[in-house]
Amino acid sequence: MHKIFAKPLFLGKHIVYLPECQSTNEIASKMAATSELLEGSVIITDKQTDGRGQRGNTWVTEAGKNLTFSLFLKPSFLKISEQFNMTMIISLAVREVFEKFSHSSQVQIKWPNDVYIADRKCAGILIENSLKGNKLEEMVVGIGMNINQGNFHVSQATSLFGETGAEFELRDVLEETLIAIEKYYLQLKNSGLHAIRSNYLSKLMWKDEWHIFEAAGKAFNGKILGVDQIGRLIVEKDKNQYAFDIKEISFLK
């Protein structure tokens, strides 16, 4: 698990393993600020005691059963206004890995970057950026993937074990995840945004379906139409289109 990975070109060539820590994102950010951390470095732990998710949520995971790690990247080829492109490629890569190992056709992305199998969450992603001028200088990508855990304190969670009944080698899943992220990262760097965006929208949960959402304290019937260039969710409501940021809308049913 903690040796460098041979297959990826540059991801996972430097591994920092911590048996336990509060947050791998926090460790990665501190290391990047105090040393020359190599792009592609992975900070990984068996037990994360204060993992963070989107919307200020916590990420709770059973020690030694799952993957909790952070990846350090330097996407300086992107403008600040293009940072959602990274959200798309990371979620696409993680989704692809879950599809490969679960053999499920129901692996989707819940906007902006949670990964679900059917209606249950199997992975969460938290991206934190360091900016320089109008460019993205550095990026810490925190990823939590439910792999071998069988029981969860919430019914809306699942894992590869929960879906297949089989246990998986964590190192194998991590290596496939790094390979997938690297593939999409290089595709984005080589002007492949159009294909990436089309792929992301095709895997977006609830797209073109009518569901119940909540915004500004009120529930409403809406349909996801897509995502705009800065990552806001575009939802049809009462024959009009509205754009929502991450904290402005909730998925109900």
Inset, instruction - Please calculate the 1.4 Å probe accessible area of residue 137, with all protein chains present, and give it to the nearest 10 Å². - result: 70
Legend entry - Per-residue SASA entry for residue 202, accessible area with 1.4 Å probe, Å² rounded to 10: 80
Legend entry - Portion, in percent, of the accessible area of the chain that falls on carbon or sulfur, probe 1.4 Å: 48
Inset, instruction - Rank these by accessible area, largest first, 1.4 Å probe: 4, 147. - result: 4, 147
Legend entry - Whole-number percent relative contact order across region 46-203, with pairs defined as alpha carbons under 8 Å at least 6 apart: 26
Inset, instruction - Report the residue, chosen from 133, 144, 12, that carries the largest GNM mean-square fluctuation when the chain is represented by alpha-carbon nodes joined by springs under 10 Å. - result: 133
Legend entry - For the chain, calculated [θ]222 nm from helices alone, where every DSSP H run of n ≥ 4 adds -39500 (n - 2.57): -8000 deg cm²/dmol
Legend entry - Projected label distance in nm at residue 74 and residue 49, using a 7 Å step from Cα toward the beta-carbon: 3.3
Legend entry - Using θ = phi - 60° and Karplus 6.51 cos²θ - 1.76 cosθ + 1.60, couplings along region 117-123 (whole Hz; Gly, Pro as x): 10, 6, 10, 10, 7, 10, 7
Inset, instruction - Hey, can you grab everything whose amide H is under 5 Å from the amide H of residue 226? Only 5+ residues off in sequence or another chain; H modelled, so Pro and N-termini drop out. - result: 234
Inset, instruction - For residue 153, tell me the accessible area in Å² from a 1.4 Å probe, rounded to the nearest 10. - result: 150
Legend entry - Under the Karplus curve 6.51 cos²θ - 1.76 cosθ + 1.60, θ = phi - 60°, whole-Hz ³J(HN,Hα) for region 219-224, x wherever Gly or Pro sits: 7, 8, 8, x, 9, 6
Inset, instruction - Rank these by accessible area, largest first, 1.4 Å probe: 46, 238. - result: 238, 46
Legend entry - Theoretical gain in end-to-end length, residue 131 to residue 104 [0.36 nm per residue, Cα-Cα removed]: 5.9 nm
Legend entry - Sequence of 31, 86 when ordered by accessible area, the most exposed leading, probe 1.4 angstrom: 31, 86
Inset, instruction - Please give the FRET efficiency for residue 38 paired with residue 171, using the beta carbon to beta carbon distance and R0 = 22 Å, rounded to the nearest 0.05. - result: 0.65
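The values are calculated or read from the model by the stated rules, or taken from the named source; none is laboratory data. Predicted, not measured: the structure shown is a model, and the values here were computed from it. Don't worry about glycine lacking a Cβ; one is built from the backbone with ideal geometry, like all the others, and counts go over all protein chains shown. Please note that ligands, DNA and RNA were not included when accessible areas were found on the heavy atoms of the full protein model with its side chains. Shrake-Rupley method; radii C 1.70, N 1.55, O 1.52, S 1.80 Å.
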